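Where a number appears in this text, it was derived from the coordinates with a stated rule and is not lab data. Note that this is a predicted model, so its numbers are computed, not measured. Cβ coordinates were reconstructed from backbone atoms using ideal geometry, including for glycine residues, and neighbour counts include every protein chain displayed.
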Amino acid sequence: MKRILFTGLLISFFLMTTGNSFAAGNVLDEIKAAGELVVSTDANYAPQSFLNENGELEGFDISVAKEVGKRLGVKVKFITPDWDLITAGKWGKRWDLSVGSMTPTKERKNALYFTKPYYAVKAGFAVHKNNKSIYKFSDLAGKVIGVGTETTYDRYMSRDLEIEGAEVNYQSWQADEVKTYPTDANAIEDLMLGDGARLDAAFTSRQTILSAIKDGCGSGCPIRMLEGSPFYEPLCFALDKSRYNSVPLLNKLNEVLDSMYNDGKLVELSMKFYGINLIPER
């Protein structure tokens, strides 16, 4: 009798819990029901994302995210958590999606789902324009190099970077010190202070360096970029693997990216913010 009662309670509990899971639906359904897609990004990573004169987020990633929201039929809300929190996963539903130029590394795939790439860039080193001793990668040996924390550039300097579908070419030299910052732009800001004042070089994407030089880093940007690149990186949207039933959203986002690729919208936005086509061929 007790065994029958216990078994009945277990069955009831199972039906209640599974029923709640089915009733919860999937992440895509939740977003459509709310009418809002919450997107995490960086507030200081031009030209991908930055605050304009009106204090509003602008940039390639911002425009791409807004277009995704438009094609999903929902509004987009942006939040700007620290990068290491985004890459770690387990977001606790604080945001639905990362549109922040994230590279699909082997390590990140343990915690995150990645869409197809929506654009791609090459990594590059910048030095102060007054520097007279660093012209090639090997000249960086024994120098102080600044990177954004938990970025691919940080991982590269630690020789702990594996990018899905891309080759990483490590150098034979080693830096004396690798200084980490909340975002890559902070490293460029410190490099601007003078040759060797705080940094000998900054390491980020070539497009970020070129944008800083073009826009003047605030006032007459005193940096130059070294020739060449140690690696190429495809960049994707990211979703939290720990959130229940995120795969339908992942599949829908890939459909949206395909449509943006096919109708030329991604190329249009790339030309607007970068002046060149960074959209990979398919």
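Comparing GLN207, ASN254, SER229 along the charge dipole axis of the chain, the residue lying farthest to the positive side is ASN254, per the Cβ-charge model. Straight-line cross-link partners of LYS214 among the lysines, defined as a Cα under 21 Å from its Cα and at least 8 positions apart when in the same chain: LYS122, LYS129, LYS272. Listed by chain and number, the aspartates and glutamates whose alpha-carbon sits under 19 Å from that of LYS90, ignoring those within fewer than 8 places in the same chain, are GLU30, ASP42, ASP82, GLU107, GLU150, ASP240. Taking every DSSP beta bridge that has both ends in the chain, the antiparallel portion is near 60%. If both residues of a DSSP beta bridge must be in region 121-232, then about 55% of such bridges are antiparallel. Only DSSP H runs of four or more residues enter the estimate; each adds -39500 (n - 2.57), and after division by the residues of the chain the mean residue ellipticity at 222 nm equals -11000 deg cm²/dmol. Packing order of peptides 32-43, 160-171, highest average first: 32-43, 160-171 (average count of other Cβ atoms within 10 Å over each peptide's residues).
As a rough footprinting exposure proxy, the listed residues TYR156, TYR135, TYR118, TYR274 were ranked by other beta carbons within 10 Å of their own, and the order from fewest upward is TYR135, TYR274, TYR156, TYR118.
If only the Cβ of Lys and Arg carry +1 and only the Cβ of Asp and Glu carry -1, the dipole of region 121-232 around its Cα centre is close to 420 debye. Of all complete DSSP H helices in the chain, those with a Cα span along the helix axis of 27 Å or greater and a mean Kyte-Doolittle hydropathy of -0.5 or more are 2-24. Here LEU253, LEU191 are placed in order of increasing Cβ neighbour count within 10 Å, fewest first, which gives LEU253, LEU191. For a footprinting-style exposure proxy, rank SER63, SER101, SER259 by other Cβ within 10 Å, fewest first. Least crowded to most crowded, the residues run SER259, SER63, SER101.
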